[in-house]
Amino acid sequence: MRAPYRSTSTFSSSFGPGPLTPAIKALVVANVAAFLVSTVVPEITLSFGLRPADVLGGFRIWQPVTYMFLHGGVFHLLFNMLALWMFGVELERTWGSRFFM
């Protein structure tokens, strides 16, 4: 038995912004790797975590970039990577991988 009408709907359901893009994938891998390293060697946060006095007084100019890869725990890492996926995929598609990075 056939349906009495044909559906012309173009509706499709999906969850989230889609699969990981190349730059997002690289950032997720870098964040997870940095988290694992900082878990094994906690002293690394003294060199790579952001301390304004060290940036200005100690000339540790890498800290404003490297602190972004350090996380306070597993849930901090997971929620940050979720937000990166949710918002970053669309931004990377719009801006392009090079500009996004």
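The values are calculated or read from the model by the stated rules, or taken from the named source; none is laboratory data. Please read all numbers here as calculations on a predicted model, not as lab measurements. Cβ coordinates were reconstructed from backbone atoms using ideal geometry, including for glycine residues, and neighbour counts include every protein chain displayed. Accessible surface areas use protein heavy atoms only, side chains included; no ligands, DNA or RNA. Shrake-Rupley method; radii C 1.70, N 1.55, O 1.52, S 1.80 Å.
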Dipole size in debye (nearest 20) for the chain around its Cα centre, Lys and Arg Cβ +1, Asp and Glu Cβ -1?
460 debye
With every atom except the alpha carbons ignored, what do you get for Rg and Dmax of the stretch 50-101, in angstroms?
14.4, 39
HN-Hα J in Hz across the stretch 53-59 - Karplus 6.51, -1.76, 1.60, θ = phi - 60°, x for Gly and Pro:
5, 6, 5, 7, x, x, 6
Which residues make up the longest stretch of the chain clear of trypsin sites (Lys or Arg not before Pro) that lie in a DSSP loop with no more than 11 other Cβ atoms within 10 Å, not counting the sites?
7-101
What the Cα atoms of the chain span along the principal axes, largest first and in whole Å, is 77, 29, 18
Probe radius 1.4 Å, ligands and nucleic acids ignored: give me the carbon and sulfur share of the accessible area of the chain as a rounded percent.
70 percent
Tell me, what HN-Hα J-couplings in whole Hz come from the Karplus equation 6.51 cos²θ - 1.76 cosθ + 1.60 at θ = phi - 60° for each residue of the stretch 78-92, using x for Gly and Pro?
4, 5, 5, 5, 5, 5, 4, 5, 4, 9, x, 4, 5, 5, 5
Tell me, what is the per residue accessible area of the chain in Å², probe radius 1.4 Å?
78 Å²
